[in-house]
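The structure appears right after this line, and notes come after that.
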Amino acid sequence: MEPLEIKTDTIQNIPMMKAIRQHEFGGPEVLRYEDAPIPEIMPGEVRIRVHAIGLNPPDWYLRDGYKMLPPEWQPKVPFPIILGTDISGVIEAVADDVEGFAIGDEVYSMVRFPSYGPSQAYAEIVTAPASEVALKPAGIDHVHAAAAPMSLLTAWQFMIEVGHDVQNPLQPDKHMPVPLKGKKVLINGAGGGVGHFAVQLAKWKGAYVIAVASGKHEAFLRDLGADEFIDYTKTTAEDVVHDVDLVIDSVGGPTTGRFLRTLKPGGALFPIFPLGFSGSAEAEQLGVKVSATQVRSSGAQLAEVARLLNDGTVRAAIDSTFPLADARKAHERAAQANIQGKIVLTVS
């Protein structure tokens, strides 16, 4: 492997790298490919030479200033900022107090979500707390590894094991996954990042899966194990589906309540994006549960799902790849919607 060429700021003698930074909130046009200081490794951290970066909705939410949130929830961040959380790469330095990792290890991570730090994903080099890092699945490449962390951990923490005690402020009770074996599960937005992983996890656990997406995704989702497919452009799922045990709505938002009538009494609706849901009274009347959690970084869970990725039980689908310098184009692709799997940036 060729060593990474490290440039130095000739005025201040600071080691530099290339990164995507933004100096204001806005659309994809605010993303700049420019020099940035290489982050200093801190106690408890590893420093990683990045090979690939997975894109996720929080990337464009933050780029835009989280406009959909109430003003008191909108982040106050110091510009310039670097976006992103999901990376796959090779460790090039390890803090003295870190055990279990070594220089040269291939790793992947969801870095610091949902907090912010001096080092985020859209860059040639990142630092990450060792507790958020896991060895990359040996059976897949960096592009597919970088595609997994946030989307797969989201599906895992909603459906299999929460793995943290951070309370969702939008609901009074802790989120609890439900048993999936032998259950009928509807997954809306099944072709996207979280959705295509949710299909695979549900099938792995023995559920009967109804996938809802546009028609272009049918062959893809049936290949992932979907038992039924509904093209939402032709059929309204809530008009034809009944007596479902669980709905995973990977789209979520204000319209997620329409799926309440697909559920049997005692069933559950898990909106991945719960903001805007206003059907609590209807859910209570129908005898169904509506619950969500907030995904958190977890090296331990990434190590667990690595086994599924490594043996092909779970596959990360790639919609498209772009060089790091073309992050703006990648965000423009994301804005077109109808994504099949994940968008990934590559670092040469």
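The values are calculated or read from the model by the stated rules, or taken from the named source; none is laboratory data. This one's a predicted model, so the numbers in the text were calculated from it and none came from an experiment. For neighbour counting, all protein chains shown are included, and Cβ atoms are generated from backbone atoms with ideal geometry for every residue, glycine included.
Take the conditions (1) without any contact (Cβ under 8 Å) to a residue 60 or more places away in the chain; (2) at negative phi; residue 291 misses just one of them, which is (1).
Of 90, 162, 126, all but one fail to be in contact with a Pro (Cβ under 9 Å, 6 or more places away or on another chain) and either closer than 17 Å to residue 346 by Cα or not aliphatic (A, V, I, L, M) (or both); the exception is 126. Listed here are the strands (runs of 3 or more DSSP E) enclosed by region 120-190 that have at least 2 residues being under 23 Å from residue 44 (Cβ atoms) and touching a Cys at 6+ places or on another chain (Cβ under 6 Å), and there are none.
Just to be sure before I move on: is residue 162 outside the structural domain of residue 52 (by TED's automatic domain parsing) and farther than 27 Å from residue 51 by Cβ in the structure I sent? Taking the combined requirement at face value, the residue satisfies it.
Of the residues making up region 76-91, none is loosely packed, with under 14 Cβ neighbours inside 10 Å, under 20 Å from the mean Cα position of the chain (by Cα) and modelled with pLDDT under 90. For region 215-244, taking the residues that are out of contact with any Gly (no Cβ under 7 Å at 6 or more places or on another chain) and of a type in the set (S, T, N, Q), the one that is surrounded by the fewest Cβ atoms within 10 Å (Cβ to Cβ) is identified as 236.
Annotation for region 44-58: at least one member residue is under 20 Å from residue 151 (Cα atoms), part of a loop (DSSP other than H, G, I, E, B) and not aromatic (Phe, Trp, Tyr). Scanning region 284-317 for residues that are more than 20 Å from residue 112 (Cβ to Cβ), in contact with a strand residue (DSSP E or B) (Cβ under 6 Å, 6 or more places away or on another chain) and of a type in the set (A, V, I, L, M, F, W, C), we see that the one that is surrounded by the fewest Cβ atoms within 10 Å (Cβ to Cβ) is 292.
The set of residues from region 281-320 being under 21 Å from residue 168 (Cβ atoms) and β-branched (Val, Ile, Thr) comprises 288, 290, 293, 295.
Can residue 327 be described as under 19 Å from residue 153 (Cβ atoms) and modelled with pLDDT of 95 or more? When the stated conditions are applied, residue 327 does not pass them.
The condition of being within 16 Å of the chain's Cα centre (by Cα), within 22 Å of residue 181 (Cβ to Cβ), of a type in the set (Asp, Glu) and modelled with pLDDT of 95 or more holds for only one of 245, 249, that being 249. Taking residue 186, is it touching a residue at least 60 places away in the same chain (Cβ under 8 Å), surrounded by fewer than 22 Cβ atoms within 10 Å (Cβ to Cβ) and assigned by TED's automatic domain parsing to the domain that holds residue 215? In short, no. Looking only at residues in region 17-59 that are closer than 20 Å to residue 104 by Cβ and touching a Pro at 6+ places or on another chain (Cβ under 6 Å), the one that is surrounded by the fewest Cβ atoms within 10 Å (Cβ to Cβ) is 44. Exactly one residue among 300, 268, 281 is within 25 Å of the chain's Cα centre (by Cα) and not in a strand (DSSP E or B), and that residue is 300. When residue 138 is tested against (1) out of contact with any helix residue (DSSP H, G or I) (no Cβ under 8 Å at 6 or more places or on another chain); (2) closer than 30 Å to residue 98 by Cα, just one condition goes unmet, and that condition is (1).
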